[in-house]
């Protein structure tokens with residue numbers, strides 16, 4: 001069995017402490033369906049302890065009052081400590097989430113980049129700006145917002161934590177991180193890295209737990225800001241709770257991103273990139289390209305080519321070097337994906353390939369890469385986030401119609417355009433209402449502003465723009 005490290009204590013205010021309650025989270029392997037680790041299930045009493053520690057550290061401790069260069073030095077040390085633990089973090093991710101090692105390595109390379117970038121932020125931000133107006137002058141100062149609750153999903157725990165925590169810490173905030181119960185061990189290893197970096201007491205707490213814990217942390221009056229990544233449905237709940245106290249909130253939510261293929265681009269320039277943009281990490285990526293928009297006369301050509309790639313994808317044990325896709329995170333997620341496959345067929349879309357469970361994998365929450373053709377944008381499989389390896393091909397008759405289809409969505413997180421004509425590609429990219437759009441490729445750039453339009457979220461993560469969530473602006477005024 002693929003065991004990973006267990007923990008019996010919580011990281012609260014920079015110290016490892018026994019949990020107030022006696023409950024534990026059992027981490028289940030999505031490959032073997034067996035328990036592979038356990039961590040404390042944080043209680044409300046643990047949350048109160050962490051909030052008080054963070055509040056005291058912000059109100060009376062040195063962290064928000066350090067010079068930017070000093071905070072940058074701490075962040076660099078965290079990054080160095082995370083790098084020392086990279087091999088264990090990658091192996092833990094494979095076990096907890098079921099991603100192949102190559103995927104895990106790519107994710108953790110991004111996390112390393114995030115810590116490097118975040119360490120540079122305190123010295124790149126303009127903390128004070130002189131202002132002048134008729135009859136007066138002053139200085140606009142930026143100050144840390146205060147105590148921040150960070151809630152992250154299970155699909156990329158170290159990437160999500162590195163981005164959100166790194167930016168909040170760079171701003172001078174104190175942080176309470178709640179990882180998802182499906183993948184908490186990675187963040188407990190992160191806690192060890194933070195401890196080794198020697199941050200002042202109270203600055204960071206990491207509390208694994210479920211929904212009740214999250215709602216307590218989000219709605220607490222001593223919390224000044226919340227940053228959340230997860231489903232749009234959960235984001236709506238978080239936003240409503242934050243509204244009770246007018247708590248600052250940033251949301252990075254779901255997506256139903258479109259990739260538009262122009263008439264002039266050859267298949268070999270885009271095919272592999274396009275295929276894995278939709279099904280990579282078993283489709284458990286918020287920005288995945290799950291709507292492929294193609295000229296009507298190229299519909300069958302593109303569908304057949306994508307189907308050939310999907311059929312060649314190796315689904316299996318993530319520790320096998322030949323595996324492309326591992327399992328979904330949980331049985332409930334596989335049930336959800338299978339439900340959408342049935343919905344797509346009932347709605348009249350053509351199931352080209354996939355949709356079932358691999359016959360050679362009787363254990364584990366595996367599902368085949370799934371491709372639908374002849375999809376209409378009004379279908380549920382084109383409008384709702386499935387969060388699995390399910391892609392739909394949608395035909396269009398003109399670029400104008402393609403833009404309209406891409407924008408006809410509740411979401412606006414990511415997207416891509418593929419065209420030989422660079423001017424056409426940029427023109428399309430500028431008209432798609434999403435937070436990021438790739439040209440002749442697909443990627444998530446997480447060290448530049450990342451986030452969404454519409455129900456894909458509020459605010460941005462990455463670079464100095466991503467620090468806005470964690471900063472307040474104050475004008476100090478003088479009369480002339």
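Put in order of Cβ neighbour count within 10 Å, fewest first, the listed residues 154, 127, 133 become 133, 127, 154.
Could you work out how far helix 86-97 tilts from the main Cα principal axis of the chain, as a 0 to 90 degree angle to the nearest 10? That works out to roughly 60 degrees. Dividing the C-alpha radius of gyration of segment 257-445 by 2.2 N^0.38 Å, with N its residue count, gives 0.97.
Each peptide in 417-424, 453-460 was scored by the mean count of other Cβ atoms within 10 Å over its residues; highest first, the order is 453-460, 417-424.
Ordered by the number of other Cβ atoms lying within 10 Å of each residue's own Cβ, fewest first, 74, 411 fall into the sequence 74, 411.
The helix-only estimate of mean residue ellipticity at 222 nm for the chain, built from DSSP H runs of length n ≥ 4 each weighted as -39500 (n - 2.57), is -12000 deg cm²/dmol after division by the residue total. Our estimate of slack between residue 264 and residue 35, defined as 0.36 nm per intervening residue step minus the Cα-Cα distance, is 77.3 nm.
Axis angle, to the nearest 10 degrees, between helix 185-197 and the longest C-alpha principal axis of the chain: 40 degrees. When only Cα pairs below 8 angstrom with a gap of at least 6 residues are kept, the chain shows a relative contact order of 18 percent. Kirkwood radius for segment 1-42, taken over all pairs of different Cα atoms as the inverse mean of 1/r, rounds to 11.1 Å. Each listed q (0.10 Å⁻¹) maps to a log10 I(q)/I(0) for the chain from the Debye sum over equal C-alpha point scatterers, namely -0.75. Short-range pairs are left out: with C-alpha atoms under 8 Å and at least six residues apart, the relative contact order of segment 257-445 is 29 percent. The distance separating the Cα centre of segment 62-86 from that of segment 322-341 comes to 38 Å. A simple spin-label model places pseudo-atoms 7 Å from Cα toward Cβ; at residue 66 and residue 320 they are separated by 4.7 nm.
Three principal axis extents of segment 210-310 based on alpha-carbon atoms, in descending order, are 57, 23, 18 Å. Listing 322, 272, 149 from fewest to most neighbouring C-beta atoms within 10 Å gives 322, 272, 149. As a length-normalised measure over Cα pairs under 8 Å and 6 or more apart, the relative contact order of segment 38-121 settles at 33 percent.
For segment 339-365, the residues whose amide N sits under 18 Å from a probe point set 7 Å from the Cα of residue 380 along the beta carbon direction are 339-351, 355-356. Between helix 68-84 and the chain there is an angle of about 50 degrees, using the helix long axis and the longest principal axis of the Cα atoms.
For the chain, give me the percentage of DSSP beta bridges that are antiparallel, rounded to the nearest 5 percent. For the chain, the DSSP antiparallel bridge percentage is about 45. Please give the residues of segment 114-129, grouped as numeric ranges, whose backbone N is less than 16 Å from a label point set 7 Å along the Cα-to-Cβ vector of residue 143. Correct set: 127-129. DSSP finds beta bridges in segment 257-445, and of those with both partners inside it, around 15 percent are antiparallel.
Just so you know, all these numbers are worked out from the coordinates, no wet-lab data involved. Owing to the predicted nature of the structure, the values given are computational and were not obtained by experimental measurement. Note that each Cβ is placed from the backbone with ideal geometry, even for glycine, and that neighbours are counted across all protein chains shown.
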